[in-house]
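The structure under discussion appears below in the form of structure tokens.
The values are calculated or read from the model by the stated rules, or taken from the named source; none is laboratory data. Since this is a predicted model, take the numbers as computed values, not measurements. In this analysis, Cβ positions are derived from the backbone assuming ideal geometry, glycine residues included, and neighbour counts consider all displayed protein chains.
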Amino acid sequence: MCNVLNAYAEAAQKLATLPPEDAAARSGAVYDREKGIFLLPYFGRKYEIDRNGRIFCAGQNNVPYNDRVIMVQYLCLASGLPPRGRWLSFLELPDGSHHYAPFQTDATIPLAERFGRNPDGFQRAARTLGGTPLEMGDRGFKIPALPKLPLAVILWEGDEEFSAQTNILFDAVAPTHLSTATLWVLGVELARKMLAVE
């Protein structure tokens with residue numbers, strides 16, 4: 001995993017050196033030259049990011065650290081490629097096997113425990129993040145995490161015989177936009193945001 005404590009500072013320093021129009025074109029963000037800010041959708045909300053990586057969002061006083069790392073790294077690293085419409089499991093990401101057990105512990109297992117017998121709650125949480133239905137599992141949703149980087153979240157309901165299961169999938173373009181370590185954080189943040197929906 002990357003050194004999380006330095007990840008944001010390093011990405012913010014790099015962002016300040018990049019041509020903003022180029023970063024916007026690669027990432028799918030909009031750059032407002034007059035204000036000197038990027039406008040970036042992230043999990044269904046609109047964020048403003050200045051050239052030094054400071055992030056603002058209406059109604060949110062303090063943008064969480066993990067979200068800041070993801071958004072600024074994405075502006076710096078996005079390849080410009082569009083989604084491919086093909087889904088990869090976390091294990092299929094480069095070196096995904098190294099982080100697969102903690103990904104289950106921190107993302108997919110908590111979702112299954114919370115929503116395994118509450119599919120309507122799963123649907124409500126996914127829609128809160130801008131999700132649109134996918135024909136996968138008992139319930140599946142495509143989540144617009146970032147402009148060129150969608151995720152899929154899938155629920156198989158539990159019953160007396162079988163435990164509920166969930167999975168988070170990444171569009172095949174994901175490794176061209178972010179490192180596997182950052183994609184791990186992105187998947188965990190999707191789970192946390194769904195779990196936070198009342």
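Assorted remarks:
- Test: residue in segment 87-95 that is among the charged types (D, E, K, R), within 14 Å of the chain's Cα centre (by Cα) and part of a helix (DSSP H, G or I): no
- Any hit, segment 165-183, residues being among the charged types (D, E, K, R) and surrounded by fewer than 21 Cβ atoms within 10 Å (Cβ to Cβ): no
- Given (1) under 18 Å from Pro144 (Cβ atoms); (2) out of contact with any strand residue (DSSP E or B) (no Cβ under 8 Å at 6 or more places or on another chain), number of the condition Gly85 does not satisfy: (2)
- Considering only residues in segment 122-153 that are β-branched (Val, Ile, Thr) and touching a Leu at 6+ places or on another chain (Cβ under 7 Å), the one that is farthest from Gly28 (Cα to Cα) turns out to be Val153.
- Filter result (in contact (Cβ under 8 Å) with a residue 60 or more places away in the chain and in contact with an Asp or Glu (Cβ under 8 Å, 6 or more places away or on another chain)) within segment 118-151: Leu149, Pro150
- Just one of the numbered conditions (1) touching a residue at least 24 places away in the same chain (Cβ under 8 Å); (2) surrounded by fewer than 21 Cβ atoms within 10 Å (Cβ to Cβ); (3) closer than 29 Å to Gly137 by Cα; (4) out of contact with any Lys or Arg (no Cβ under 6 Å at 6 or more places or on another chain) is not true of Phe115: (2).
- Helices (runs of 4 or more DSSP H) (entirely within segment 99-191) containing at least 3 residues that are of a type in the set (A, V, I, L, M, F, W, C) and over 13 Å from the mean Cα position of the chain (by Cα): 109-115
- Cβ-Cβ contacts under 7 Å between residues 6 or more apart (or on different chains), taken from a first residue in segment 31-43 that is within 17 Å of Leu129 (Cα to Cα) to a second residue that is among the aliphatic types (A, V, I, L, M) and in a loop (DSSP other than H, G, I, E, B), are listed as Leu40/Ala29; Phe43/Leu129.
- Count - residues of segment 21-44 that are over 22 Å from the mean Cα position of the chain (by Cα) and among the small types (Gly, Ala, Ser): 1
- Search result, residues across segment 49-79 that are under 14 Å from the mean Cα position of the chain (by Cα) and in a helix (DSSP H, G or I): Tyr65, Asn66, Asp67, Arg68, Val69, Ile70, Met71, Val72, Gln73, Tyr74, Leu75
- Selection status of Ala12, farther than 19 Å from Ala196 by Cβ and either in contact with a helix residue (DSSP H, G or I) (Cβ under 9 Å, 6 or more places away or on another chain) or without any contact (Cβ under 8 Å) to a residue 40 or more places away in the chain (or both): yes
- Breaking point among (1) assigned by TED's automatic domain parsing to the domain that holds Ala164; (2) surrounded by fewer than 18 Cβ atoms within 10 Å (Cβ to Cβ); (3) farther than 18 Å from Ala196 by Cα, for Arg127: (3)
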